[in-house]
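Q: Handing you this structure, nothing more for now.
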There are 4 protein chains.
Amino acid sequence: MKALVYHGPGKKSLEEKPRPVITASTDAIVKILKTTICGTDLHIMKGDVPEVTDGRIIGHEGVGVIEEVGSSVSNFKTGDHVLISCITSCGKCEYCKKGMYSHCTDGGWVLGHLIDGTQAEYVRIPHADNSLYHIPAGADEEALVMLSDILPTGCECGVLNGQVKPGDTVAIVGSGPIGLAALLTAQFYTPAEIIMIDTDDNRLNVAKTFGATQTINSATANVVETVKALTNGKGVDTAIEAVGIPVTFELCQSIIAPGGCIANIGVHGKSATLHLETLWSQNITITTRLVDTVTTPMLLKTVQSNKLQPKKLITHHFKLDEIMAAYDTFGNAAKEKALKVILTND
Amino acid sequence: MKALVYHGPGKKSLEEKPRPVITASTDAIVKILKTTICGTDLHIMKGDVPEVTDGRIIGHEGVGVIEEVGSSVSNFKTGDHVLISCITSCGKCEYCKKGMYSHCTDGGWVLGHLIDGTQAEYVRIPHADNSLYHIPAGADEEALVMLSDILPTGCECGVLNGQVKPGDTVAIVGSGPIGLAALLTAQFYTPAEIIMIDTDDNRLNVAKTFGATQTINSATANVVETVKALTNGKGVDTAIEAVGIPVTFELCQSIIAPGGCIANIGVHGKSATLHLETLWSQNITITTRLVDTVTTPMLLKTVQSNKLQPKKLITHHFKLDEIMAAYDTFGNAAKEKALKVILTND
Amino acid sequence: MKALVYHGPGKKSLEEKPRPVITASTDAIVKILKTTICGTDLHIMKGDVPEVTDGRIIGHEGVGVIEEVGSSVSNFKTGDHVLISCITSCGKCEYCKKGMYSHCTDGGWVLGHLIDGTQAEYVRIPHADNSLYHIPAGADEEALVMLSDILPTGCECGVLNGQVKPGDTVAIVGSGPIGLAALLTAQFYTPAEIIMIDTDDNRLNVAKTFGATQTINSATANVVETVKALTNGKGVDTAIEAVGIPVTFELCQSIIAPGGCIANIGVHGKSATLHLETLWSQNITITTRLVDTVTTPMLLKTVQSNKLQPKKLITHHFKLDEIMAAYDTFGNAAKEKALKVILTND
Amino acid sequence: MKALVYHGPGKKSLEEKPRPVITASTDAIVKILKTTICGTDLHIMKGDVPEVTDGRIIGHEGVGVIEEVGSSVSNFKTGDHVLISCITSCGKCEYCKKGMYSHCTDGGWVLGHLIDGTQAEYVRIPHADNSLYHIPAGADEEALVMLSDILPTGCECGVLNGQVKPGDTVAIVGSGPIGLAALLTAQFYTPAEIIMIDTDDNRLNVAKTFGATQTINSATANVVETVKALTNGKGVDTAIEAVGIPVTFELCQSIIAPGGCIANIGVHGKSATLHLETLWSQNITITTRLVDTVTTPMLLKTVQSNKLQPKKLITHHFKLDEIMAAYDTFGNAAKEKALKVILTND
């Protein structure tokens, strides 16, 4: 089968690989119908994720159709259309039992990381019963690719951890795909204001069409002063960090109101400064989280009832065997005005 | 001044009464600009609320302008435009400190009940600092009359107690003003489906325009079978009772899913049967609540940011001295297709 | 093997039955070391639980040692000492994923109910990975039998649903084993007062030694007046119903403070009257629950750290082949001063 | 009257000052019966709190008797014995309404900071109705001095923010008075293990008698390795920082388990490093908080019911006019084996 394979920093190729086979009774083999590329995949390609080794098939998102199931899989059968979660959950360890699938002792983020992933014609999904979801009849399968990772991540790490509530003021720092996913799902809780902050005017314009009530270009405006002016000097109730660098995390500390929440989504490579000398008395909550994908069933219901339109996040389409071009487009997101790209295998 | 006065069951009149005066340093005198009539006022007029005595000025909703404040009022001054809460809160008793203003030991529901109310040219508001809210500049004051009682009641007793969550299925039994207020505020939490149940097709049609995804006329359809059909046999996650009679409360018990919440808003005059022989094992939560109006600041923000349009609930307008006619209209709500009426004092 | 078998209302016998065998790859066969009798077993014997059919081996509690596991069981191996949960959980249905194992679509309460149970030398446990718990090295296994059902039930249905908090006043109606389990676990949250209510002075005396701060014999005292006197007229913050008849559930309604919780543990055979005519405005929460056993890992930790002494609940010991006598003792609990009996298989 | 007065860094004196008088109708004048010295007072004396100006009477803790009340005070009258909260709450601003009294727009921490405090014969308490608490008849008033600041601080900033739960493992870094207050109140929630960490063996020995299950002297042991060994390599569920310097805050980051909470109590003068490069994926919550004293009513109940013994924290007694010596003792806490000192005014 065709697969996108990592061969060390800066090296990837679309090549022929053997089709995966069932190795445990809880496995399923899924034929990929649609997949996509994540910002994390770009990090992998740069060599920033050293656990990913030479020869690994990349990708942790997608929808597909069940090709084969292991003997103890009971929720799925051959021919079922399924959504693949980026997080593998065994359903029976201490972490899975408390809904923290991200830290599953026999799973977590393994796809396209510690085992072969979804940027291929077929993928093996361990613990299939807890790691796949049925696609409702009549659903737009392409839209559901956004539910593999980006929407649960924005929702869980950003919106839920940020405790967004009706009438609140929310700032989202970073208007890339993940910040936009937070923007879309923040609206589940009807905040009064959502202020989007980025350096790219195109992405800020997209944010406006997605529901942002204010946008600030941090390349040209003084963000702290602008936010204070928009909030009667108080700052925001929730600040969602969706970039992953010290300067944006520290910005969140400068715009948060007393009693507020800073919810980190960003994947950080460096430590940041925490201004406890001012924040110690400000009744602040700061959270970090690797997505657990516990919200996937809820997100499926909101998509089915048309309360959420994930398709808005998709800007480009390619065939799976055009994946090298897709990486180029996604890797030049600002220039290409790319958010998420869809790769189709047919 | 003109005021609507209760004179025992079935007897009311618009008559001349002395203007109220400050009696405690925490009082404010408010000139009424807009007021309305509540379903509870109809109950009072029938004699169903025996604490209301002959000579009482009725009414517990409205917006106005501060005429005078007592010496220890600090949040408001003469000339401020204010929203009057139906619940008086002292801000310093055990209940107020835990946000349960409804049971304030020196307040609670007193306006138009134990002391004179708002269906008059002026009203005395005790504990003004905790019982009035500033009207934001530029706000539509008429719309804000809906925040005195009906919207916080629908939101707190129905939506918050009912734990409405994104993706949930909600049923609201009763599509009168209070059920419709629950319908509007339930959407703060983005449920997938809201099923509205009533016997009046006009009110069900209104519910559709307010965001109901399904309606059931309980006079003609089998509600339990219909709800089960709409929910794959499971029932609803939240059932909100907005009528106040045994049959509707018992209906909620028949349509609730395992793990669900029944949130009672209705003012009940009789006990109901609780089917513990089936519900004991169904992991159900049942709540009752007299509105606390703790959500008023949040509701003001959602109105200001146009996330909530309270004006939809207003169907009729009268001058304050036409209040007898307004009672006739509101008392024949089905025939008159009336939801809320606005009375203007100018 | 020996097993206690139900043969219709009033008829049971200790008889020879075939040893259970693995029927699904997720099964385990457990050799019983210790088991007990539950109040529910007495109900079954009277014919009150019609799903239990002639020939069924009874019992849903116990500790044992793994005899054999199915091919996909990964958490346990032959020789492991295990605690058996009264609730079977598949770990992968909608209900299990939200921690509501009681409503597992392929489990729930099945042991000694819909499939053969634990009052036998061996038992087959479906979905073993999610339905058994490792017994910590050095633990008192007899004490842990109380964690199969009675302690999670008292804790989840009574204490957690009742929202017991530090400083609160709690009433527990019913001082039998399950009420006493609620009493023991309520102390996890340090309420100021726990008032135990029963008709049996012996059980009330036991309650005092278990931590009750007040006891009321409802056969001789006016409970409502006494509770009001103990609470400055307010009533209790939490009322836990641990009997299962209308009169005790209705008593809870008479002693609950505004804003309080009534947590039902009792297994009810009849409906009760809900006094909405007074409670509608009292901001009350009422809950029902079949135990989910989600607290079992926590309870194991509290036992291991000696914060909870389950052994206090055990009053009598028998060998498994004396089970008919054990039923007699447990069936005459008041006269025998019996709480829980332990049956040992060796 | 006698009062302890700050005269710039390093300078304080016990001197004669005018008795305070009522300046607002919501004030009360309280005759101090017992007061104490806080670690914060030592910081003030060093000049670390620049808002405190020359001439200020220090102190924010104490119990006393009402000497006089302003005209709109309704909860208290002359002669009432009262507990003074370190936090002043107006009861009617946005923050007070949500229980965040620490940020009261007309209060917060003002006593012995922005206005004269309690280390004097008399003190003026603004917003008396919301800032004082009745002392129950028969209570040990000396013990209740610990409820002015230290116990609500340990409980709210440490235990509640740290989400301590039954069965959890908790580490408290810092075994001074505030860490010990967290230790005492953590036990309200029955954690399985409480690991106390400090450099002073005496304080660690005190911690053992107060309920710590493990102690680690960080001057001599490797804390991270020891904690990991005690927790099967996982780390603690809650880490409470009760020192206020970067190294202890960073230690908390090294011992926290995935999904855990770091609750900061310490008053920090410098920023700390936040290791987002490891924590971003660890589902961690970090909180800061200036005490709100919302738990004071609950703490009073736990003291009255003997669930909490605040007196354990008191090691030394002085008369108010010996306050200079008391400062010497408290300032040499390690050498003097001092926790809290009581100053009596009679």
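Q: Considering (1) out of contact with any Gly (no Cβ under 9 Å at 6 or more places or on another chain); (2) crowded, with 24+ Cβ neighbours inside 10 Å, say which one D:E142 fails and leave the rest.
A: Condition (2) is where D:E142 drops out.
Q: State the number of residues belonging to the range B:183-227 that are out of contact with any Leu (no Cβ under 9 Å at 6 or more places or on another chain), of a type in the set (G, A, S) and closer than 20 Å to B:N306 by Cβ.
A: Adding up the residues that qualify gives 1.
Q: Identify, from the list C:I256, C:I216, the residue that is under 19 Å from C:A192 (Cβ atoms) and open to solvent by less than 10 Å² (accessible area, probe 1.4 Å). Quick ask: steps written out before the conclusion?
A: Values: C:I256 fails: open to solvent by less than 10 Å² (accessible area, probe 1.4 Å).
After applying the criteria, what remains is C:I216.
Q: For the range A:254-275, enumerate the residues that are in a strand (DSSP E or B) and more than 7 Å from every other protein chain (Cβ to nearest Cβ).
A: Taking the range A:254-275 first, the residues in a strand (DSSP E or B) are A:256-264, A:272-274.
Matches in the range A:254-275: A:I256, A:A257, A:G260, A:C261, A:I262, A:A263.
Q: Going by the structure shown, is D:T40 open to solvent by less than 40 Å² (accessible area, probe 1.4 Å) and touching a Gly at 6+ places or on another chain (Cβ under 7 Å)?
A: Values: open to solvent by less than 40 Å² (accessible area, probe 1.4 Å): yes; touching a Gly at 6+ places or on another chain (Cβ under 7 Å): no.
Against the criterion (open to solvent by less than 40 Å² (accessible area, probe 1.4 Å) and touching a Gly at 6+ places or on another chain (Cβ under 7 Å)), D:T40 does not qualify.
Q: Something else about it: Among the residues of the range C:180-205 satisfying the criterion of being of a type in the set (G, A, S) and more than 17 Å from D:G167 (Cβ to Cβ), which is surrounded by the most Cβ atoms within 10 Å (Cβ to Cβ)? Break it down stepwise before answering.
A: Going through the range C:180-205, the residues of a type in the set (G, A, S) turn out to be C:181-182, C:186, C:192.
Right, trim to more than 17 Å from D:G167 (Cβ to Cβ) and you get C:182, C:192.
Details: C:A182: 34, C:A192: 22.
In this case the residue turns out to be C:A182.
Q: Is it the case that the range A:267-282 has a residue that's open to solvent by less than 40 Å² (accessible area, probe 1.4 Å), closer than 24 Å to A:I87 by Cβ and not basic (K, R)? Break it down into steps so the answer makes sense when it comes.
A: Step one: list which residues in the range A:267-282 are open to solvent by less than 40 Å² (accessible area, probe 1.4 Å), which gives A:268, A:272, A:274, A:276, A:279, A:281.
Then drop every residue that is not closer than 24 Å to A:I87 by Cβ, which leaves A:268.
Still in the list and also not basic (K, R): A:268.
Yes: the range A:267-282 contains one or more residues that are open to solvent by less than 40 Å² (accessible area, probe 1.4 Å), closer than 24 Å to A:I87 by Cβ and not basic (K, R).
Q: On to the next question. Could you tell me how many of the residues in the range B:177-214 are free of Cβ contacts under 8 Å to residues at least 60 places away in the same chain, of a type in the set (G, A, S) and in a helix (DSSP H, G or I)?
A: Residues in the range B:177-214 being free of Cβ contacts under 8 Å to residues at least 60 places away in the same chain, of a type in the set (G, A, S) and in a helix (DSSP H, G or I): 2 in total.
Q: If a residue has to be within 12 Å of D:D129 (Cβ to Cβ) and open to solvent by less than 20 Å² (accessible area, probe 1.4 Å) to count, how many in the range D:81-102 make the cut? Talk me through it step by step, then tell me what you get.
A: Taking the range D:81-102 as the starting set, the residues that turn out to be within 12 Å of D:D129 (Cβ to Cβ) are D:82, D:85, D:88-92, D:96.
Going one step further and asking which of them are open to solvent by less than 20 Å² (accessible area, probe 1.4 Å), we end up with D:82, D:85, D:88-91, D:96.
Residues in the range D:81-102 being within 12 Å of D:D129 (Cβ to Cβ) and open to solvent by less than 20 Å² (accessible area, probe 1.4 Å): 7 in total.
Q: Considering only the range B:293-306, I want to know if a residue exists there that is in contact (Cβ under 8 Å) with a residue 12 or more places away in the chain, surrounded by fewer than 18 Cβ atoms within 10 Å (Cβ to Cβ) and either touching a helix residue (DSSP H, G or I) at 6+ places or on another chain (Cβ under 9 Å) or at positive phi (or both).
A: Among the residues of the range B:293-306, at least one is in contact (Cβ under 8 Å) with a residue 12 or more places away in the chain, surrounded by fewer than 18 Cβ atoms within 10 Å (Cβ to Cβ) and either touching a helix residue (DSSP H, G or I) at 6+ places or on another chain (Cβ under 9 Å) or at positive phi (or both), which makes the answer yes.
Rundown of residues vs (1) touching a Lys or Arg at 6+ places or on another chain (Cβ under 9 Å); (2) under 28 Å from C:F330 (Cα atoms), yes/no style:
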| position | (1), (2) |
| --- | --- |
| C:Q163 | no, no |
| C:P177 | yes, yes |
| C:A182 | no, yes |
| C:I197 | no, yes |
| C:S218 | no, yes |
| C:N222 | no, no |
| C:E225 | no, no |
| C:I240 | no, yes |
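Q: Among what's in the range D:333-346 and is surrounded by 14 or more Cβ atoms within 10 Å (Cβ to Cβ) and assigned to a loop (DSSP other than H, G, I, E, B), pick the residue that is farthest from the chain's Cα centre (by Cα). Before you say what the answer is, go through the steps one by one.
A: Just the residues of the range D:333-346 that are surrounded by 14 or more Cβ atoms within 10 Å (Cβ to Cβ), to begin with: D:333, D:336-345.
Subsequent filtering for residues that are assigned to a loop (DSSP other than H, G, I, E, B) retains D:337-339, D:345.
Working: D:K337: 18, D:A338: 15, D:L339: 12, D:N345: 21 Å.
Looking at the filtered set, the residue picked out is D:N345.
Q: Inside the range C:307-332, can you point out the residues that are open to solvent by less than 40 Å² (accessible area, probe 1.4 Å), in a helix (DSSP H, G or I) and free of Cβ contacts under 8 Å to residues at least 40 places away in the same chain?
A: Hit for the range C:307-332 is C:T329, nothing else.
Q: Would you confirm whether or not the range A:117-129 contains a residue that is over 19 Å from C:Y95 (Cβ atoms), among the hydroxyl-bearing types (S, T, Y) and touching a strand residue (DSSP E or B) at 6+ places or on another chain (Cβ under 8 Å)?
A: Yes - at least one qualifying residue is present in the range A:117-129.
Q: Then there's this: Tally time: how many residues in the range C:103-136 are open to solvent by 10 Å² or more (accessible area, probe 1.4 Å) and of a type in the set (S, T, N, Q)?
A: Residues in the range C:103-136 being open to solvent by 10 Å² or more (accessible area, probe 1.4 Å) and of a type in the set (S, T, N, Q): 2 in total.
Q: Count, please, the residues in the range D:1-37 that happen to be farther than 30 Å from B:V73 by Cα, in a loop (DSSP other than H, G, I, E, B) and open to solvent by 30 Å² or more (accessible area, probe 1.4 Å).
A: Residues of the range D:1-37 that are farther than 30 Å from B:V73 by Cα, as a first pass: D:1-17, D:33-37.
Restricting the remaining residues to those that are in a loop (DSSP other than H, G, I, E, B) gives D:1, D:7-11, D:17, D:37.
Filter again for open to solvent by 30 Å² or more (accessible area, probe 1.4 Å), leaving D:7, D:9-11, D:17.
Summing the residues that are farther than 30 Å from B:V73 by Cα, in a loop (DSSP other than H, G, I, E, B) and open to solvent by 30 Å² or more (accessible area, probe 1.4 Å) in the range D:1-37 gives 5.
Q: Between C:E68, C:E61, C:E121, C:E141, which is in contact with a Cys (Cβ under 7 Å, 6 or more places away or on another chain) and not aromatic (F, W, Y)?
A: C:E61
Q: In addition: Is at least one residue of the range B:149-165 within 14 Å of chain A (Cβ to nearest Cβ), under 24 Å from B:V69 (Cα atoms) and open to solvent by 10 Å² or more (accessible area, probe 1.4 Å)?
A: There is no residue in the range B:149-165 that is within 14 Å of chain A (Cβ to nearest Cβ), under 24 Å from B:V69 (Cα atoms) and open to solvent by 10 Å² or more (accessible area, probe 1.4 Å).
Q: OK, next. Would you tally the residues in the range B:215-246 being outside any loop (DSSP other than H, G, I, E, B), polar (S, T, N, Q) and under 21 Å from C:E94 (Cβ atoms)?
A: So in the range B:215-246, the residues outside any loop (DSSP other than H, G, I, E, B) come out as B:215-217, B:223-230, B:236-241, B:246.
From what's left, polar (S, T, N, Q): B:215, B:217, B:226, B:238.
Next, only the ones that are under 21 Å from C:E94 (Cβ atoms) stay: B:238.
Selection size over the range B:215-246: 1.
Q: Quick check: is even one residue across the range A:57-78 among the hydrophobic types (A, V, I, L, M, F, W, C), assigned to a strand (DSSP E or B) and open to solvent by 20 Å² or more (accessible area, probe 1.4 Å)? Write out each step before concluding.
A: Looking only at the range A:57-78, we keep the residues that are among the hydrophobic types (A, V, I, L, M, F, W, C), and these are A:57-58, A:63, A:65-66, A:69, A:73, A:76.
From what's left, assigned to a strand (DSSP E or B): A:57, A:63, A:65-66, A:69.
Checking the rest, the ones that are also open to solvent by 20 Å² or more (accessible area, probe 1.4 Å) come to A:65, A:69.
Yes: the range A:57-78 contains one or more residues that are among the hydrophobic types (A, V, I, L, M, F, W, C), assigned to a strand (DSSP E or B) and open to solvent by 20 Å² or more (accessible area, probe 1.4 Å).
Q: On to the next question. Condition first: hydrophobic (A, V, I, L, M, F, W, C) and without any contact (Cβ under 8 Å) to a residue 60 or more places away in the chain. Now tell me which residues in the range B:67-89 satisfy that.
A: Initially, the range B:67-89 is screened for residues hydrophobic (A, V, I, L, M, F, W, C), giving B:69, B:73, B:76, B:82-84, B:86-87.
Listed by number, the residues that qualify are B:V69, B:V73, B:F76, B:V82.
Q: Also, quick follow-up: Checking the structure you have, find out if any residue of the range D:230-253 is closer than 23 Å to A:K98 by Cα, away from every other protein chain (no Cβ under 11 Å), free of Cβ contacts under 8 Å to residues at least 24 places away in the same chain and open to solvent by 40 Å² or more (accessible area, probe 1.4 Å).
A: Among the residues of the range D:230-253, at least one is closer than 23 Å to A:K98 by Cα, away from every other protein chain (no Cβ under 11 Å), free of Cβ contacts under 8 Å to residues at least 24 places away in the same chain and open to solvent by 40 Å² or more (accessible area, probe 1.4 Å), which makes the answer yes.
Q: Of the conditions (1) part of a loop (DSSP other than H, G, I, E, B); (2) closer than 18 Å to C:K165 by Cα, C:M298 satisfies every one except a single condition; which number is it?
A: (1)
Q: Right, A:D106: within 12 Å of chain C (Cβ to nearest Cβ), out of contact with any Phe, Trp or Tyr (no Cβ under 8 Å at 6 or more places or on another chain), of a type in the set (D, E, K, R) and more than 26 Å from A:K311 (Cβ to Cβ) or not?
A: Numbers: within 12 Å of chain C (Cβ to nearest Cβ): yes; out of contact with any Phe, Trp or Tyr (no Cβ under 8 Å at 6 or more places or on another chain): yes; of a type in the set (D, E, K, R): yes; more than 26 Å from A:K311 (Cβ to Cβ): yes.
When the stated conditions are applied, A:D106 passes them.
Q: A:L290 fails exactly one of the following numbered conditions: (1) in contact with a strand residue (DSSP E or B) (Cβ under 9 Å, 6 or more places away or on another chain); (2) assigned to a loop (DSSP other than H, G, I, E, B); (3) more than 7 Å from every other protein chain (Cβ to nearest Cβ). What is the number of that condition?
A: (3)
Q: Failed condition for C:V69, given (1) within 14 Å of C:E121 (Cβ to Cβ); (2) within 14 Å of chain A (Cβ to nearest Cβ), with all others met?
A: It is condition (1) that C:V69 fails.
Q: Inside the range C:324-345, can you point out the residues that are under 20 Å from C:E142 (Cα atoms) and touching a helix residue (DSSP H, G or I) at 6+ places or on another chain (Cβ under 8 Å)?
A: Across the range C:324-345, the qualifying residues are C:Y327, C:T329, C:F330, C:K337, C:A338, C:L339, C:K340, C:V341, C:I342, C:L343, C:T344, C:N345.
The values are calculated or read from the model by the stated rules, or taken from the named source; none is laboratory data. What you are looking at is a predicted structure, and each value in this text was computed from that prediction instead of being measured. Virtual Cβ from ideal backbone geometry, glycine too; neighbours counted across all protein chains shown. The accessibility values were calculated without ligands, DNA or RNA, using every heavy atom of the protein model including side chains. Shrake-Rupley method; radii C 1.70, N 1.55, O 1.52, S 1.80 Å.
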